[in-house]
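Worksheet: one structure, shown below.
The values are calculated or read from the model by the stated rules, or taken from the named source; none is laboratory data. Just so you know, these numbers come straight off a predicted model, no measurement behind them. As a convention, Cβ positions derive from the backbone with ideal geometry for all residues, glycine included, and neighbour counts pool all protein chains shown.
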Amino acid sequence: MGLLDRLSGLLGLKKKEVHVLCLGLDNSGKTTIINKLKPSNAQSQDIVPTIGFSIEKFKSSSLSFTVFDMSGQGRYRNLWEHYYKEGQAIIFVIDSSDRLRMVVAKEELDTLLNHPDIKHRRIPILFFANKMDLRDAVTSVKVSQLLCLENIKDKPWHICASDAIKGEGLQEGVDWLQDQIQAVKT
Amino acid sequence: MAAASSSDSDSGRAESNEASSKWLDAHYDPMANIHTFSSCLALADLHGDGEYKLVVGDLGPSGQHPRLKVLKGPTVLTESPLPALPAAAATFLMEQHEPRTPALALASGPCVYVYKNLRPYFKFSLPQLPPNPLEQDLWNQAKEDRIDPLTLKEMLEGIREKAEVPLSVQSLRFLQLELSEMEAFVSQHKSRSIKRQTVITTMTTLKKNLADEDAVSCLVLGTENKELLVLDPEAFTILAKMSLPSVPVFLEVSGQFDVEFRLAAACRNGNVYILRRDSKHPKYCIELSAQPVGLVRVHKVLVVGSTQESLHGFTHKGKKLWTVQMPAAILTMNLLEQRSRGLQAVMAGLANGEVRIYHDKALLNVIRTPDAVTSLCFGRYGREDNTLIITTRGGGLIIKILKRTAVFVEAGGVVGPPPAQAMKLSVPRKTRLYVDQTLREREAGTAMHRTFQTDLYLLRLQAARAYVRALESSLNPVSVMAREPLKLHAVAQKPSRRVGHTLQLLWPVPCLRQAPRSRAGHARSRLGTFLPRTGGALTAMVQGLGPTFKLTLHLQNTSAARPILGLLVCFLYNEVLYALPRAFFKVPLLVPGLIYPLETFVESLSDKGISDIIKVLVLREGQSAPLLSAHINMPVSEGLAAA
Ligand SMILES: Nc1nc2c(ncn2[C@@H]2O[C@H](COP(=O)(O)OP(=O)(O)O)[C@@H](O)[C@H]2O)c(=O)[nH]1
Ligand SMILES: [Mg+2]
């Protein structure tokens, strides 16, 4: 990183760019979350199931995020791993109300954590226990139990309960992610 | 969620390692209070919200309180009582227009209850059947009080025993009554006209006119009256009626009603009947040696489970393909279709708690559950394709999800004949030419045989002539002349320089010109396998790598008693290429039967890697025509560097 870049970074003129992968099963609310994080004039009104993936950008107070919003549908999940190398952080979204597929989410998470492009990196992972507004939803503590998050020892991780439709819990998560990335960078 | 998490360990323990690597344990509730069988389970996106629900026609704990249940994920969404025990549940599209949410049909007693958006929509009742005229007559008499209840009972019983047409429900209930109750029953019912209605035993769906996944479908019903009915998807009128020799209990349909379809009905008499669109009666019949317990179509193969703990595969024409034996009684069967990998397989739920998955007769997977498996259903549930729903005898519900990466491979250890035996050879289609030829063979068989025989005799004659000519000119290593029965066997060998180096190159002499240069194989072949008793024989062998070879001739007097004296051996060779210490020598007396090895060295002179033949002649002193001869194809010398 050049001196000028760093200077402008310090001065807050140009924000540091980070690549984030947004992963999780289909219908967990990935697109809705990313949409909510975008400036309100850039938000789209209706969310349709993502095909393949889409690239979105949003900014936090000191970082500029480029998010790869991956489709969670079964047939697209094998695309995820092709983007692992580029990702500097991961957002993993879970539908807290889909009790049946919690095992599937765990299976995909385990596959992710054991992938050679991820396994030995201290890449920060932010979990959103999404749809907490729904009646069937389980708590974020329960979600982290079901996914055995306590077994992740070599990567910083954090779980937030969220309601992507109202936007609750999202900022807390993004702030954590920003801290982690800056801790790594400096 | 407590139930689900505890299930992980529970069913995990009961599973084989191999199986647990393919399935995720999504849910297990041993007390789900679901009592049903596979034909009463259906999966569909009933609300059109992308979340697939499970429909259960529940018999109730002891067949007492039948209910219709709809499950979302692991929980029961709605529940409503049913008037009679359910026979089958199916989901189907009734019409083309949007929203394309499937309707739910539940067969129970003589009726099919159709629900849309889970609200009652239509009730179809089986048509009335004509009552038995004798029975009708009896009740008419009762109406006019010309007959007393006791006689009525006797007469009805007589009809029940003999008659083709079964009694009405009214008469059957009357026959169950105690003497004291009869009078009241008769006076209460005598003025009613008797009705006879049958009940539905099985139900399935058949596409109307499109093969698409989401095409409009007709309901196909099987009845206790040994009939099959096809209903219109919208109007629920009877589009077609087919009759069977027995009561259908399982149905499998493929094709489209308006185009062409095939219907297989497993019946209570232990037969499976196969019908086509244009057939009012069965076209083919599969006779099982036991009662059917399930019927599943996998691509073009009909798989039938029988009470003899076995699965049988049949073609759609009823030809038996295979049989596999199960370790326990089959309680239920269903189809497993993994669309992403184009796999179709049969699942069999067994009394020992296993679910076995077969592709044809190859076992793909075994899932172990804690209880006898009573129903199975595989498909999209919730938002997950490839979900397996299992219910067990005690009312338990198990939900498993097939891993995204799971691939079923045919495990080894399949008992029975090797797979190659069952493999279908791709025999080419019969061509026009083949058919013409066959016809010609059939018509002119005798003439063709005669021509063939003539040719064969001519061939034999020619072969015999050639043999005689060869013998006469002594162009062979076997002499059959009565006076000199001889056999020659020649071997050429390079003297081994190093001890322990046993590589030998042996060239058999007989097929000298074509002898394959096999290095490792000791290609030694004897001459004169069809020697006459009194003949003599010559075999020659070349051994060694060169440039020095050892040539060994084996000469044998094959006569029974007479020794031979005065023979000469002569080598003819290109002197530019080879040098032999003695090109001409005398043979000692040959005792009958013994093989005399005659060795000589051959030095290859050329360094160009060329080889030639050496001719061996066995002569009789004073005669110019050889008795025996052999051509020895010398190997190329490979020992140049070493020499
Ligand atoms: N109730 C509720 N619904 C949500 C929430 N987040 C997303 N959804 C809904 O879930 C559905 C799927 O969301 P989407 O963002 O397309 O999921 P994706 O497949 O992970 O990208 C949409 O109908 C969203 O409106 C939430 O926090 N609460
Ligand atoms: Mg999406």
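Looking across the stretch A:20-29 at every residue that is more than 14 Å from chain B (Cβ to nearest Cβ) and under 26 Å from B:Gly382 (Cα atoms), the one that is farthest from ligand 1 (Cβ to nearest atom) is identified as A:Leu21.
Do we find that A:Glu172 is in contact with a Ser or Thr (Cβ under 9 Å, 6 or more places away or on another chain), at pLDDT below 95, farther than 25 Å from B:Thr387 by Cα and away from ligand 1 (no atom under 13 Å from the Cβ) in this structure? Against the criterion (in contact with a Ser or Thr (Cβ under 9 Å, 6 or more places away or on another chain), at pLDDT below 95, farther than 25 Å from B:Thr387 by Cα and away from ligand 1 (no atom under 13 Å from the Cβ)), A:Glu172 qualifies.
Once the stretch B:362-396 is narrowed to residues that are in a loop (DSSP other than H, G, I, E, B) and over 17 Å from B:Val293 (Cβ atoms), the residue that is nearest to the other protein chains (Cβ to nearest Cβ) is B:Arg383.
Tell me whether the stretch A:158-167 contains one or more residues that are at pLDDT 95 or above, over 21 Å from A:Asn27 (Cβ atoms), within 16 Å of the chain's Cα centre (by Cα) and away from ligand 1 (no atom under 16 Å from the Cβ). Yes: one or more hits.
Identify all residues within the stretch B:327-359 that are outside any strand (DSSP E or B) and either among the basic types (Lys, Arg) or within 14 Å of chain A (Cβ to nearest Cβ) (or both); write none if there are none.
Looking only at the stretch B:327-359, we keep the residues that are outside any strand (DSSP E or B), and these are B:327-329, B:339-342, B:351-353.
Hits for the stretch B:327-359 are B:Arg339, B:Ser340, B:Arg341, B:Gly342.
A count restricted to the stretch B:384-411 and to residues that are surrounded by fewer than 23 Cβ atoms within 10 Å (Cβ to Cβ) and either among the basic types (Lys, Arg) or free of Cβ contacts under 8 Å to residues at least 12 places away in the same chain (or both) stands at 4. Remark: A:Thr31 matches the filter, which requires a residue to be within 12 Å of ligand 2 (Cβ to nearest atom), under 24 Å from B:Asp385 (Cβ atoms) and assigned to a helix (DSSP H, G or I). Of the residues in the stretch A:108-119, none is within 16 Å of ligand 2 (Cβ to nearest atom), away from chain B (no Cβ under 14 Å) and either outside any strand (DSSP E or B) or in contact with an Asp or Glu (Cβ under 7 Å, 6 or more places away or on another chain) (or both). Listed by first and then second residue, the pairs with beta-carbon distance under 9 Å, at least 6 apart or on different chains, first residue in the stretch B:63-76 and within 14 Å of chain A (Cβ to nearest Cβ), second of a type in the set (Asp, Glu) and surrounded by 21 or more Cβ atoms within 10 Å (Cβ to Cβ), are B:Gly73/A:Asp98. Of the residues B:Phe257, B:Phe261, the single one that is surrounded by 19 or more Cβ atoms within 10 Å (Cβ to Cβ) and more than 23 Å from B:Ala345 (Cα to Cα) is B:Phe257. Is there a residue in the stretch B:322-330 that is within 24 Å of B:Gly73 (Cα to Cα), surrounded by 18 or more Cβ atoms within 10 Å (Cβ to Cβ) and not β-branched (Val, Ile, Thr)? No, the stretch B:322-330 contains no residue that is within 24 Å of B:Gly73 (Cα to Cα), surrounded by 18 or more Cβ atoms within 10 Å (Cβ to Cβ) and not β-branched (Val, Ile, Thr).
Exactly one residue among A:Leu177, A:Leu134, A:Leu126 is in contact with a strand residue (DSSP E or B) (Cβ under 9 Å, 6 or more places away or on another chain), more than 16 Å from ligand 1 (Cβ to nearest atom) and either within 14 Å of another protein chain (Cβ to nearest Cβ) or not β-branched (Val, Ile, Thr) (or both), and that residue is A:Leu177.
With respect to the conditions (1) surrounded by fewer than 18 Cβ atoms within 10 Å (Cβ to Cβ); (2) in contact with a Leu (Cβ under 9 Å, 6 or more places away or on another chain), B:Met203 falls short on a single one, namely (1). Scanning the stretch B:268-281 for any residue that is in contact (Cβ under 8 Å) with a residue 40 or more places away in the chain, in a strand (DSSP E or B), surrounded by 14 or more Cβ atoms within 10 Å (Cβ to Cβ) and touching a Gly at 6+ places or on another chain (Cβ under 8 Å) turns up at least one such residue. With respect to B:Pro131, determine if the residue is modelled with pLDDT under 85, touching a strand residue (DSSP E or B) at 6+ places or on another chain (Cβ under 8 Å) and either on the phi < 0 side of the Ramachandran plot or surrounded by 17 or more Cβ atoms within 10 Å (Cβ to Cβ) (or both). In short, yes. Take A:Ser44 and tell me if it is closer than 26 Å to A:Asp110 by Cβ and within 15 Å of ligand 2 (Cβ to nearest atom). Answer is no for this residue. Scanning the stretch A:134-183 for residues that are among the acidic types (Asp, Glu), closer than 23 Å to A:Gln43 by Cα and part of a helix (DSSP H, G or I), we see that the one that is nearest to ligand 2 (Cβ to nearest atom) is A:Glu172. Selection of the stretch A:68-92 for residues being more than 13 Å from A:Leu109 (Cα to Cα), within 13 Å of ligand 1 (Cβ to nearest atom) and either outside any helix (DSSP H, G or I) or more than 14 Å from chain B (Cβ to nearest Cβ) (or both) yields A:Phe68, A:Asp69, A:Met70, A:Ser71, A:Gln73.
For the stretch A:36-67, a residue qualifies if it is within 9 Å of ligand 1 (Cβ to nearest atom) and touching a residue at least 40 places away in the same chain (Cβ under 8 Å), and exactly one does: A:Lys36.
Among the listed residues B:Leu364, B:Leu275, B:Leu321, B:Leu311, which satisfies the condition of being touching a Pro at 6+ places or on another chain (Cβ under 6 Å), among the aliphatic types (A, V, I, L, M) and over 30 Å from B:Val70 (Cα atoms)?
Every option except B:Leu275 fails the conditions.
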